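Trainee: Have a look at this one before I ask anything.
The values are calculated or read from the model by the stated rules, or taken from the named source; none is laboratory data. What you see is a predicted model, and the numbers here were worked out from it, not measured in a lab. Using ideal geometry, Cβ is built from the backbone for each residue, glycine included, and neighbour counts are taken over all protein chains shown. For accessibility, only protein heavy atoms count, side chains too; no ligands or nucleic acids. Shrake-Rupley method; radii C 1.70, N 1.55, O 1.52, S 1.80 Å.
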Amino acid sequence: MPPDPVTLPAPPSARAAAAPVSLALLALLFLRIGCTSVGGFMAMVSVTQQVLCERRRLLAPAELLDGLALASVLPGPVAVNVAAYAGYRLRGVAGAAVAIVCAVLPAFLCMVALGTLYLRYGSMGALRPVFHGIAPAIVAIVLAAGWRLWQSAVRDRRQAALGIGAAMVMVALPGLATTLAVMAIAAAVGYHCYGAAATGATPASAPAASLPQAGRWRWPQRLAALLVLPLGTLAALSASPILLQLLGVFSSMSLLAFGGGYVFIPLLQHTVVDAYHWLTPREFVDALAITQLSPGPAMISSALVGLKVAGLAGAAAASIGMFVPSAVLMIAASGAMQRVRASGSVQAALSGMRAALAGMVFAAAATIGRAHPLEPLTVLCCAAALFALLRLRLDAALIVLVAGGGGWLFF
C-alpha cells in the first residue's frame, strides 16, 4: 500500500525543481516582501507565503511551515529566520544571504528615515492614521495565509484538532513557553499517530542532495561563507569602540531573543535604557511605536538605537548585530534539517507540527486584531481586504498601499 499522504509534505513545484531561482529574482522578491510586511513577524511570514508559495510557486507551503517551526525554536527574529530558511532552500547559502539582506533593507531604510525625523522633531503622530488604516489589512493578510497553510497542512480530523487546539491555547496564553509546549505536543502527537505509516516512506522533498549546487558545499566552505560577513564587519568596525560595542551588545541580544520581537522587548528595554542609557524611557516607548509605522520585524528598533548613539554607521552596526548572528545559526540548522527530513519519523512529527503552526497563524491574526480598536470601519476594511486576497487574488503589496491611503483619508 502507498504511504499515508498525511505524513508527506506537499511536493515542491516543478519550476523550483527544474531550474534554480536567480539571485537577482530572489533579491527582488524579498525586497517586495520587506516593503509590504507591516505589522510584525507573522505579517512578514504571511506575505512570504503569498509571494513564494502561492504566486510564484517556488516553495511548497509545507516547506515554509517547516521553516516557521525551526525559526520558532531558535533565537532571533522569526520572520528574518524564515526568510533565511526560504533563501537557503532555493539557492543555498548565497540565497539565504540575499534573502536576509533584502528582507531587512526596506525596514532599515524606513527606520533610519523615521528615526531621523523623530530625533529632530520629537514626534511621529502625523503618520499614525496611515498605520491605523494598514492594521486591518494586515489582519486580513495573516488570516488569508493561515487559511492557505491550513489547506496544505490539515488533512484529517486529528490534524484539525491539533490546529484548533493550538490556536485556542496561543490566543489564551501567548508567549515563548506556550509556543514551545504546543510544538512539542504537536510533534509527539504527529509521531504517535502517523509514525507507523511514515516508516520507510520517501519524502517528496529530498534532503540536501536536492538543493541547488550552492547549498551542497562541504561544511568548511559553508562555515567560511557564513563567517565572511561577521568577520568583515568586525574588521571594519574595529577602529571605532562605540560601533564595536553596539555590534557586540546587539549580537548578544540576538542569540538570547527567543520567541520573536514582542518577547524580546523586556530584554531590549533593560539593555538600552537601564544598562547603557542609550535611550530614555520615553524614547524607548516612541521607538517601539515607530517600528509599528515601518515594515519588517519589530527588532528593527535596534536601528533607531544605533542611529541615536552613532549616526548611520551606528544604525548599521546595531542592525547587523541584531540580525546576522541568529541568521547564521538558522542557516546552519536549515542544512541539518534537510539531512534529517528523509526520516519517516521526522516526517510524522512534522505533520503534527505543521497543523499546529497553521492554527497558530490564526492565533497571530487574533492577537494583531486585539491590539487595535474594534470599529465598524476597521472590520469592513479587514473583510474587504480578505475578499480581495482570497477571491480576487490581489497582491498583498497593492492591498497594503490602498489600506494606507484609506487610513490617511478616513482616520
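Trainee: Based on what the data block shows, is ARG128 at pLDDT 80 or above and of a type in the set (Lys, Arg)?
Mentor: no
Trainee: May I pose another question? Could you tell me which numbered condition TRP150 fails, if it satisfies all but one of (1) open to solvent by 20 Å² or more (accessible area, probe 1.4 Å); (2) touching a Gly at 6+ places or on another chain (Cβ under 8 Å); (3) modelled with pLDDT under 80?
Mentor: That leaves (3) as the condition not met.
Trainee: From (1) buried (at least 24 other Cβ atoms within 10 Å of the Cβ); (2) modelled with pLDDT of 85 or more; (3) within 25 Å of VAL51 (Cα to Cα), pick out the condition that doesn't hold for ALA318.
Mentor: Only one criterion in (1) buried (at least 24 other Cβ atoms within 10 Å of the Cβ); (2) modelled with pLDDT of 85 or more; (3) within 25 Å of VAL51 (Cα to Cα) is unmet by ALA318, namely (3).
Trainee: Something else now. Search region 294-310 for residues being more than 24 Å from SER46 (Cα to Cα) and among the small types (Gly, Ala, Ser), and hand back the single one that is least open to solvent (accessible area, probe 1.4 Å). I'd like the intermediate steps shown before the answer.
Mentor: Filtering region 294-310 down to residues more than 24 Å from SER46 (Cα to Cα) leaves 304-310.
Next, only the ones that are among the small types (Gly, Ala, Ser) stay: 306, 310.
On the way: GLY306: 0, ALA310: 32 Å².
Going through the qualifying residues, I end up with GLY306.
Trainee: Still on this structure, please answer the following. For region 70-107, enumerate the residues that are surrounded by 24 or more Cβ atoms within 10 Å (Cβ to Cβ) and outside any helix (DSSP H, G or I).
Mentor: Selection gives GLY76, PRO77.
Trainee: Return only the number of the condition from (1) surrounded by fewer than 22 Cβ atoms within 10 Å (Cβ to Cβ); (2) in contact with a Cys (Cβ under 9 Å, 6 or more places away or on another chain); (3) of a type outside the set (Lys, Arg) that LEU58 does not satisfy.
Mentor: Just one mismatch for LEU58, condition (2).
Trainee: Across region 329-372, which residue is farthest from the chain's Cα centre (by Cα) among those that are of a type in the set (D, E, K, R) and part of a helix (DSSP H, G or I)? Step through it out loud before you land on a result.
Mentor: Start the filter on region 329-372 by keeping residues that are of a type in the set (D, E, K, R), which leaves 339, 341, 354, 370.
Remaining after also requiring part of a helix (DSSP H, G or I): 339, 354, 370.
Values: ARG339: 23, ARG354: 16, ARG370: 20 Å.
Among them, the one singled out is ARG339.
Trainee: Ok, one more. Out of the residues in region 373-411 that are surrounded by 16 or more Cβ atoms within 10 Å (Cβ to Cβ) and outside any helix (DSSP H, G or I), which is nearest to the chain's Cα centre (by Cα)?
Mentor: If we take residues in region 373-411 being surrounded by 16 or more Cβ atoms within 10 Å (Cβ to Cβ) and outside any helix (DSSP H, G or I), then ASP395 is nearest to the chain's Cα centre (by Cα).
Trainee: Continuing with this model, one more query. So, in region 153-166, how many residues would count as being part of a helix (DSSP H, G or I) and open to solvent by 20 Å² or more (accessible area, probe 1.4 Å)?
Mentor: If we filter region 153-166 for residues that are part of a helix (DSSP H, G or I), which is where we start, we get 153, 157-166.
Now narrow it down to the ones that are open to solvent by 20 Å² or more (accessible area, probe 1.4 Å): 157-158, 160-162, 164-165.
Matching residues across region 153-166 total 7.
Trainee: Then there is this: Need the failing condition index for GLY175 against (1) open to solvent by 10 Å² or more (accessible area, probe 1.4 Å); (2) of a type outside the set (A, V, I, L, M); (3) modelled with pLDDT under 85; (4) within 29 Å of ASP395 (Cβ to Cβ), just the number.
Mentor: GLY175 satisfies all of (1) open to solvent by 10 Å² or more (accessible area, probe 1.4 Å); (2) of a type outside the set (A, V, I, L, M); (3) modelled with pLDDT under 85; (4) within 29 Å of ASP395 (Cβ to Cβ) except (4).
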